[in-house]
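Note sheet for the following structure.
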Amino acid sequence: MTSTADIIRDIGEGSIRAIARALSRVENGSPDSADILDVLFGKQQGFTLGITGPPGAGKSTLVNRMITRYRTTDNSVGVIAVDPSSPFTGGALLGDRIRMQSHASDPKVFIRSMGSRGHLGGLSGATRDASCVLSAAGYSPVIIETVGVGQAEVEIADLAHITLLVLVPGLGDDVQSMKAGIMEIGDIIVLNKADRNGIDQLESYVKASLEFMPADLKKPEVIRISAVSGEGLEDLWGAIDRLVAAQTGEEKTARSAVKTLNGILTENGIIISEKLLEIEYNGRKAAEELILAGQLSPYAIGKKLLERAEGMFKHNGSK
Ligand SMILES: Nc1nc2c(ncn2[C@@H]2O[C@H](COP(=O)(O)OP(=O)(O)O)[C@@H](O)[C@H]2O)c(=O)[nH]1
Ligand SMILES: [Mg+2]
């Protein structure tokens, strides 16, 4: 196995193979992934762009346009396509690859599909760590495309410095915008397929919904585009550039550091809890059985584990 130090050195020298290797290790939660990420964390540069929205909204088509746009300024572009490992998204992902294929042979474009394999932090943890690797390897922007408008996607989109919510006419208002809080995901709401009927209704609908946003939240910009024809893209690029410019380096770094710490604490909490379950109940499975048998509630178990942890800390402190 290639050593951590070798991987990090090779990433510094721009080795695509080392980047792919680091990505596999962090995705699988391999034992040295924390050491790799520890070094790479401080080397991150540039910015991350999250793109979320219902399947078929044109996210991948837009990502393809974005890659072209950032390649003309000679940026290296990283793309993380998040695949929730559902049998239904396999096809969508294949479609993504085809739509981004024009960039497949460009060495300065790195496209990675993410599954939830092994990573304790689930897809959002795996995506966060992959984004750290790509960003440290010099890709900017790192674009994170995630399918859907549920809590998991919101979490993933929230990792990025700037997030775009892509909506389209005719996909059903129930799916895309009726969900409470969905409008609050995006810094920019992109209304794609402006060439289609229904775009005016969608725009009125979205703008009306934004009126109900809590007053202390910044309202997202709403921009119409057609990812296929290219209409409106200049406006969108301008809006993204303004948001990038408005975030100072320190703000971006602080935000990303706090979010990363929150994620790691949650993951550590899971590890510690599993260990405590082992000590106290002979493991999670046995604890679950106690709950199902009606002998203990999940709350009682949670309380017991915390007491146990506190007891351990007291014990260690008094030594
Ligand atoms: N008419 C029209 N079709 C589009 C537009 N953008 C994307 N599409 C089409 O919508 C379909 C889904 O696009 P895709 O990028 O895979 O959507 P994703 O699932 O959100 O990534 C494809 O057939 C695209 O060609 C657009 O602006 N107008
Ligand atoms: Mg897609």
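The values are calculated or read from the model by the stated rules, or taken from the named source; none is laboratory data. Only a predicted model underlies this, so the values are computations on that prediction, with no experimental measurement involved. Glycine also receives a Cβ, built like all others from the backbone with ideal geometry; neighbour counts cover every protein chain displayed. Protein only, heavy atoms only, side chains kept; ligands, DNA and RNA dropped before computing areas. Shrake-Rupley method; radii C 1.70, N 1.55, O 1.52, S 1.80 Å.
Among Gly238, Gly12, Gly263, the largest mean-square fluctuation in a Gaussian network model of the chain (Cα springs under 10 Å) belongs to Gly238. Its DSSP H runs of at least 4 residues, each contributing -39,500 (n - 2.57), put the calculated 222 nm mean residue ellipticity of the chain at -16500 deg cm²/dmol, to the nearest 500. Close amide H contacts of Gly14 (hydrogens built in the peptide plane, cut-off under 5 Å, sequence separation of 5 or more or a different chain): none are found. Amide H to amide H distances under 5 Å link Arg224 with Leu191, where only residues 5 or more positions off or on other chains count and H is placed in the peptide plane.
Using the Cβ atoms and a cut-off under 13 Å, what net charge is assigned to the surroundings of Arg71, where Lys and Arg are +1 and Asp and Glu are -1?
Numbers: positive: Arg65, Arg69, Lys108; negative: Asp74, Asp106.
That sum, taken over residues with Cβ under 13 Å, equals +1.
In order along region 52-61, the Karplus-derived 3J(HN,Hα) couplings, from 6.51 cos²θ - 1.76 cosθ + 1.60 at θ = phi - 60°, round to 10, x, x, x, x, 6, x, 4, 5, 4 Hz, and Gly and Pro are given as x. Apolar share of the accessible surface for the chain: 55 percent from carbon plus sulfur atoms, 1.4 Å probe.
How large is the accessible surface per residue of the chain, computed with a 1.4 Å probe and reported in Å² as a whole number? Per residue, the chain has 51 Å² of solvent-accessible surface.
For Ile51, the residues whose amide H sits under 5 Å from its own are Ile144, Glu145, Thr146, Leu164, ignoring neighbours fewer than 5 places away on the same chain, with H placed 1.01 Å from N.
When only Cα pairs below 8 angstrom with a gap of at least 6 residues are kept, the chain shows a relative contact order of 18 percent. Comparing Gly122, Gly50, Gly78 in a Gaussian network model of the chain where C-alpha atoms under 10 Å apart are linked, the largest mean-square fluctuation is found at Gly122.
Each residue of region 297-312 was assigned a 3J(HN,Hα) from its phi angle through the Karplus curve 6.51 cos²θ - 1.76 cosθ + 1.60 (θ = phi - 60°); the sequence is 8, x, 5, 4, 5, x, 5, 4, 5, 5, 4, 4, 4, 4, x, 5 Hz, with glycine and proline shown as x.
Give the peptides 270-279, 37-46 in descending order of average Cβ contacts within 10 Å, highest first. Don't jump to the answer; show the numbers that get you there.
Values: 270-279: 14.0, 37-46: 16.2.
Output ranking for 270-279, 37-46: 37-46, 270-279.
Could you size up the charge dipole of the chain around its Cα centre, putting +1 on the beta carbon of Lys and Arg and -1 on that of Asp and Glu, and report it in debye to the nearest 20? Display every interim value, and only then the final one.
Working: 34 positive and 40 negative charges, 93 e Å.
Rounded to the nearest 20 debye, it is 440 debye.
Computed from backbone phi with θ = phi - 60° and the Karplus coefficients 6.51, -1.76 and 1.60, the 3J(HN,Hα) list for region 200-216 is 5, 4, 4, 4, 4, 4, 5, 5, 5, 4, 5, 4, 8, 5, x, 5, 7 Hz; x is used for glycine and proline.
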